[in-house]
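First the structure, in the form of structure tokens, and then the observations on it.
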Amino acid sequence: MLNFKAIYAMGPYLRIVHLKLGLQLLAVIIVSTSILGCSEPKLTNSAFNGQTMGTFYDIKVAHFPLTKSEQSAIHAEIERRLELVNDQMSTYRSHSELSRFNLSPAVNDFPVSEDTARVVAESIRIHEITSGAFNVTLGPLVNLWGFGPDHLPQEKPTVGMIKAALSRVGIEHLSHTKNTLSKNIDMLYVDLSGIAKGYGADVIAEYLESLGIKNYIVGLGGDLRAKGINANNVSWQIAIEKPSTTEHSVQHVVAVGNNAIVTSGSYRNYYDLNDERFSHTIDPITGKPAQHNLVSVTVIHSSAMTADGFATAFMAMGEVQGMTLARQKKLAVYMIYKSGDDFKEVYTETFSPFFQK
């Protein structure tokens with residue numbers, strides 16, 4: 001087992017490191033530190049980068065220097081574990097556990113890994129808390145509107161097509177045990193894209209901790225989980241991005257402590273069709289892309305999986321209903337919404353301690 005002990009060092013200057021996410025949502029920016037005029041720190045930052053789940057991952061750990069062979073071994077295991085999550089929960093892979101379950105007719109006790117069952121269980125729990133705003137059975141609608149593995153539609157889906165897709169939706173048709181899934185209708189289609197990346201971040205964080213690494217930040221697209229400090233004895237800090245399709249700039253910087261932070265937004269993942277704009281967040285009531293003024297929501301929680309699910313739910317609910325629920329449940333939530341030609345912000349009392357002045 002590798003064992004890394006934190007060594008404190010001074011690092012007063014901030015610099016922004018941008019995650020390169022291509023067409024994927026760039027919801028957060030990792031903020032790290034540089035040193036000017038002081039001795040070399042005894043800890044060093046090591047980075048591991050790659051692609052997974054349709055986005056990029058960017059992982060940094062602070063530790064005593066690793067050999068090249070140690071870094072290669074860690075990187076290979078990170079890749080293996082992320083590939084495993086894909087093989088379990090991807091709807092883009094026909095051989096994944098979830099795809100095989102989706103392709104099956106109504107079935108009892110379909111065997112899956114404990115990991116997949118665990119993510120489904122958390123999805124059902126968040127569905128109940130959000131009164132259905134988070135619904136992993138929306139797959140037929142996600143695909144109908146062109147945000148799944150299918151191609152973008154050439155025409156706007158008709159009312160009949162939406163009704164047909166809604167008839168295949170319903171969390172009440174889905175159940176689980178520790179290592180099985182069941183469905184009582186043939187066409188039920190489960191899509192975990194609104195929670196699986198968060199779970200992937202948790203998987204890698206837990207792997208790093210199993211090595212004795214106490215200082216890290218794991219980023220999968222807009223899903224991050226952090227712990228400890230970087231090599232300059234500064235807590236990992238995250239910048240919430242301003243909602244813009246033309247530039248990357250900072251709205252707020254937060255220090256999340258030993259927590260996950262997930263941002264979901266509608267301002268990057270969308271398409272235009274016949275002069276209409278459709279975002280990737282589907283309203284489970286109407287069966288259509290959500291129509292409200294909320295453009296970005298950030299959730300801080302101990303679990304990236306849970307934060308991911310709630311961020312997805314709040315994007316479906318909108319700023320009014322979403323903020324009401326967040327305050328009731330004492331969740332750390334920050335929202336940016338459109339007001340006329342301007343953007344405004346609102347956040348819960350439990351989120352405010354994370355802001356950096």
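The values are calculated or read from the model by the stated rules, or taken from the named source; none is laboratory data. Keep in mind that this is a model prediction, so the values were computed, not measured. Glycine gets a Cβ as well: all are built from the backbone with ideal geometry, and neighbour counts include every protein chain shown.
Tabulated values for the structure
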quantity	calculated
Lone unmet requirement of (1) of a type in the set (Gly, Ala, Ser); (2) more than 26 Å from Thr324 (Cβ to Cβ); (3) surrounded by 15 or more Cβ atoms within 10 Å (Cβ to Cβ) for Ser123	(2)
Selected residue [of a type in the set (Val, Ile, Thr), farther than 30 Å from Ile217 by Cβ and in contact (Cβ under 8 Å) with a residue 40 or more places away in the chain] from Val120, Val169, Val136	Val169
Residue within region 210-223 that is among the basic types (Lys, Arg) and either under 29 Å from Arg93 (Cβ atoms) or without any contact (Cβ under 8 Å) to a residue 60 or more places away in the chain (or both) present	no
Filter result (crowded, with 20+ Cβ neighbours inside 10 Å and basic (Lys, Arg)) within region 207-239	Arg225, Lys227
Subset of region 165-199 that is of a type in the set (Asp, Glu) and assigned to a loop (DSSP other than H, G, I, E, B) - its residue that is nearest to Leu144 (Cα to Cα)	Asp191
Identity of the residue in region 47-84, polar (S, T, N, Q) and buried (at least 19 other Cβ atoms within 10 Å of the Cβ), that ends up modelled with the highest pLDDT	Thr52
Output for region 211-262, where each listed residue is β-branched (Val, Ile, Thr), more than 24 Å from Ile336 (Cα to Cα) and in a loop (DSSP other than H, G, I, E, B)	Ile213, Val234
Matching residues, region 91-114, being at pLDDT 95 or above and hydroxyl-bearing (Ser, Thr, Tyr)	Ser96, Ser99, Ser104, Ser113
